[in-house]
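Notes for the one structure printed next.
The values are calculated or read from the model by the stated rules, or taken from the named source; none is laboratory data. Fair warning: this is a prediction, and the values are worked out from it, not measured in the lab. Every residue, glycine among them, receives a Cβ derived from its backbone with ideal geometry; neighbour counts consider all protein chains shown. Areas reflect the complete protein model, heavy atoms only, side chains present, ligands, DNA and RNA absent. Shrake-Rupley method; radii C 1.70, N 1.55, O 1.52, S 1.80 Å.
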Amino acid sequence: IPSTVTIRGHTCQTDPSWFNIPDNVLEAAARRLHLQKDHPVSITRQIIQANFPAPVFQYHNDFSPVVTTRQNFDSLGFPADHPGRARSDTYYINDTTLLRTHTSAHQAETFRANESAGYLISADVYRRDAIDRSHYPAFHQMEGARHWDRSEVPGGDVAAAVRRDLEALPAHGVVVEDPNPPWHAERNPVQDEHHSEAEAEAIGAHLKRSLENMVVDVFSRAKAAAKRADPDFVDEPLKMRWVEAYFPFTSPSWELEVYYAGDWLEVLGCGVVKQDLFINAGVPSKLGWAFGIGIDRIAMLLFKIPDIRLFWSRDDRFISQFTGVSDDLDKLKLFAPFSKYPPSPRDVSFWLNSSSSSAAGGNTKNVFHENDIMELVRNIAGDVVEDVRLIDEFTHPKTGRKSMAYRIVYRSLERTLTAEEANNYHDDVRAALVAELGVELR
Ligand code: PHE
């Protein structure tokens, strides 16, 4: 473990008992795909951004990914024991410094800067997570917020001011299911110390319409691109629904789901900003809404990109397909897959609670998080690993020992792996499972 790390010009002291960032994640932190001209993640950012125009919204697209636990968790009201803080889920540099897990890490400072009536923040974010075609330890989010100032609206009537702004938003004509009342007394209450019901209702309605309009725009661009690629393409009408959600920093809170290709997909989280955020940011007379959306999943739908690893590929056959789209968003084209190379699945099974701790260099750590396995495989096979999943698990009735089996699918996006290459990766994974996690191979 190095004594310091430098991430986008920001140098920090590491603490060996906290530092858990592998090299491939440090490399990803240098990329800034959301700002790379003609990259699908950047194009998707531009499309979302175009729905929240300046000067009402001010854009922040280059905040450092290195933040404090205060920014990422405390300032947002995350409890001390929130699972998101665990080292199994989050990349730490030292006990108080980490790679942001969401763009909400910048809410407090952006409210404090108090530069406009709204903002958008796009950024790379980092989470330790599963390995499959829609998960990668680095991805991108867009955060947005809009707020009103009690001391600045006519007659101090925020509800009326928000309703007027709502009436100025275009209608979209798409079916939206929203069966629930605008708040729930226990789970998602109006912040009645600070807001009237009329204010919470108006802010919620403005939030919902603003986000529906953005999602309708994104999906109609996806539909137009699909039609350009295939004039016979038959489109299903877009459907959306609002579901109740919970976030420590908003109340009431919702998620927006979109019906796409036969499934309800969760596309964003949002809510009425907890008043403590404005109060602690020195702007107690503001109130309003915030949302956060994952850019990569939206980009996968928009461009029909089947595997999230493609975003990180430097293969010219990927990146050259989107040339010119950043300058003319109406030229958006679907991704044309290059031939799919064959998968190389390999299984590994092992016993936990190994007695052979000496073989593991004294490492008797047999309790581990599944994310540790994911990262171990990613560290060895890099972007050649497509999927890792648990396929079997049982406890021996007599000895009480637990056995687990995982299937690892190795597949390059760029070439066919030889059997020998796949075997080499897999042998290295097996050896690392023993050396690093202290398991006993079966
Ligand atoms: N930060 C939340 C997430 O990553 C999303 C969110 C942003 C929710 C802003 C509410 C308001 O899941």
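Pro22 passes every criterion in (1) touching a strand residue (DSSP E or B) at 6+ places or on another chain (Cβ under 9 Å); (2) surrounded by 14 or more Cβ atoms within 10 Å (Cβ to Cβ) apart from (1). For the stretch 176-228, filtering for residues that are part of a helix (DSSP H, G or I), open to solvent by less than 20 Å² (accessible area, probe 1.4 Å) and polar (S, T, N, Q) leaves 1.
When you look at Asp81, is it surrounded by fewer than 18 Cβ atoms within 10 Å (Cβ to Cβ), among the acidic types (Asp, Glu) and touching a helix residue (DSSP H, G or I) at 6+ places or on another chain (Cβ under 6 Å), yes or no? So Asp81 does not fit the description; no. Selection of the stretch 304-317 for residues being without any contact (Cβ under 8 Å) to a residue 24 or more places away in the chain and within 22 Å of the chain's Cα centre (by Cα) yields only Arg314.
Quick one: which of Ala113, Ala130 is open to solvent by 20 Å² or more (accessible area, probe 1.4 Å), within 21 Å of Pro83 (Cβ to Cβ) and of a type in the set (Gly, Ala, Ser)? Lay out the reasoning, then the answer.
Numbers: Ala113 fails: within 21 Å of Pro83 (Cβ to Cβ).
Ala130 is the lone residue from the list that is open to solvent by 20 Å² or more (accessible area, probe 1.4 Å), within 21 Å of Pro83 (Cβ to Cβ) and of a type in the set (Gly, Ala, Ser).
Applying the criterion of being more than 14 Å from the ligand (Cβ to nearest atom) and hydrophobic (A, V, I, L, M, F, W, C) to the residues of the stretch 248-277, the residue that is farthest from Ala222 (Cα to Cα) is Trp264.
When every residue of the stretch 143-151 is checked against the conditions, at least one turns out to be open to solvent by 30 Å² or more (accessible area, probe 1.4 Å) and either among the small types (Gly, Ala, Ser) or more than 13 Å from the ligand (Cβ to nearest atom) (or both).
May I ask you to verify whether Glu143 is among the acidic types (Asp, Glu), under 30 Å from His34 (Cβ atoms) and touching a residue at least 40 places away in the same chain (Cβ under 8 Å)? Steps first, please.
Numbers: among the acidic types (Asp, Glu): yes; under 30 Å from His34 (Cβ atoms): yes; touching a residue at least 40 places away in the same chain (Cβ under 8 Å): yes.
Yes, satisfied.
Going by what's in this entry, would Ile305 be described as surrounded by 14 or more Cβ atoms within 10 Å (Cβ to Cβ), assigned to a loop (DSSP other than H, G, I, E, B) and of a type outside the set (D, E, K, R)? Steps first, please.
On the way: surrounded by 14 or more Cβ atoms within 10 Å (Cβ to Cβ): yes; assigned to a loop (DSSP other than H, G, I, E, B): yes; of a type outside the set (D, E, K, R): yes.
Here the answer is yes, as Ile305 does meet what is asked.
Scanning the stretch 48-74 for residues that are surrounded by 20 or more Cβ atoms within 10 Å (Cβ to Cβ) and under 19 Å from Arg209 (Cβ atoms), we see that the one that is farthest from the chain's Cα centre (by Cα) is Phe52.
Listed here are the residues, each with its yes/no results for (1) more than 22 Å from His10 (Cα to Cα); (2) within 16 Å of the ligand (Cβ to nearest atom).
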site: Thr69; (1), (2): no, yes
site: Phe73; (1), (2): no, yes
site: Pro79; (1), (2): yes, yes
site: Gly84; (1), (2): yes, yes
site: Asp89; (1), (2): yes, yes
site: Tyr92; (1), (2): no, no
site: His106; (1), (2): no, yes
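Arg297 satisfies every condition listed in (1) part of a helix (DSSP H, G or I); (2) within 16 Å of the ligand (Cβ to nearest atom); (3) open to solvent by less than 50 Å² (accessible area, probe 1.4 Å) except (3).
Kindly indicate whether any position in the stretch 312-323 is among the charged types (D, E, K, R), modelled with pLDDT of 95 or more and either out of contact with any Ser or Thr (no Cβ under 8 Å at 6 or more places or on another chain) or more than 16 Å from the ligand (Cβ to nearest atom) (or both).
Of all residues in the stretch 312-323, those among the charged types (D, E, K, R) come to 314-317.
After this cut, where a residue has to be modelled with pLDDT of 95 or more as well, the list is none.
Checked the stretch 312-323: no residue is among the charged types (D, E, K, R), modelled with pLDDT of 95 or more and either out of contact with any Ser or Thr (no Cβ under 8 Å at 6 or more places or on another chain) or more than 16 Å from the ligand (Cβ to nearest atom) (or both).
Search the stretch 133-142 for residues being assigned to a strand (DSSP E or B) and open to solvent by less than 30 Å² (accessible area, probe 1.4 Å), and hand back the single one that is nearest to the ligand (Cβ to nearest atom). Looking at the filtered set, the residue picked out is Gln141. Contact map, the stretch 191-218: first residue farther than 25 Å from Arg45 by Cβ, second residue modelled with pLDDT under 95, Cβ cut-off under 6 Å, separation 6 or more or different chains; pairs are Glu201/Pro182; Gly204/Pro182.
The set of residues in the stretch 418-442 that are surrounded by fewer than 16 Cβ atoms within 10 Å (Cβ to Cβ), among the small types (Gly, Ala, Ser) and touching a strand residue (DSSP E or B) at 6+ places or on another chain (Cβ under 8 Å) contains only Ala419. Is it true that some residue in the stretch 325-332 is among the basic types (Lys, Arg) and either assigned to a loop (DSSP other than H, G, I, E, B) or modelled with pLDDT of 95 or more (or both)? Checked against the condition, which is being among the basic types (Lys, Arg) and either assigned to a loop (DSSP other than H, G, I, E, B) or modelled with pLDDT of 95 or more (or both), the stretch 325-332 yields no hits at all.
The number of residues in the stretch 392-417 being closer than 19 Å to Phe368 by Cα and surrounded by 13 or more Cβ atoms within 10 Å (Cβ to Cβ) comes to 8. Looking across the stretch 246-276 at every residue that is open to solvent by less than 10 Å² (accessible area, probe 1.4 Å) and of a type in the set (A, V, I, L, M), the one that is farthest from Asp178 (Cα to Cα) is identified as Val273.
Within the option set Arg241, Arg228, Arg221, being in contact (Cβ under 8 Å) with a residue 60 or more places away in the chain, more than 22 Å from Leu332 (Cβ to Cβ) and away from the ligand (no atom under 16 Å from the Cβ) holds for one residue only, Arg241.
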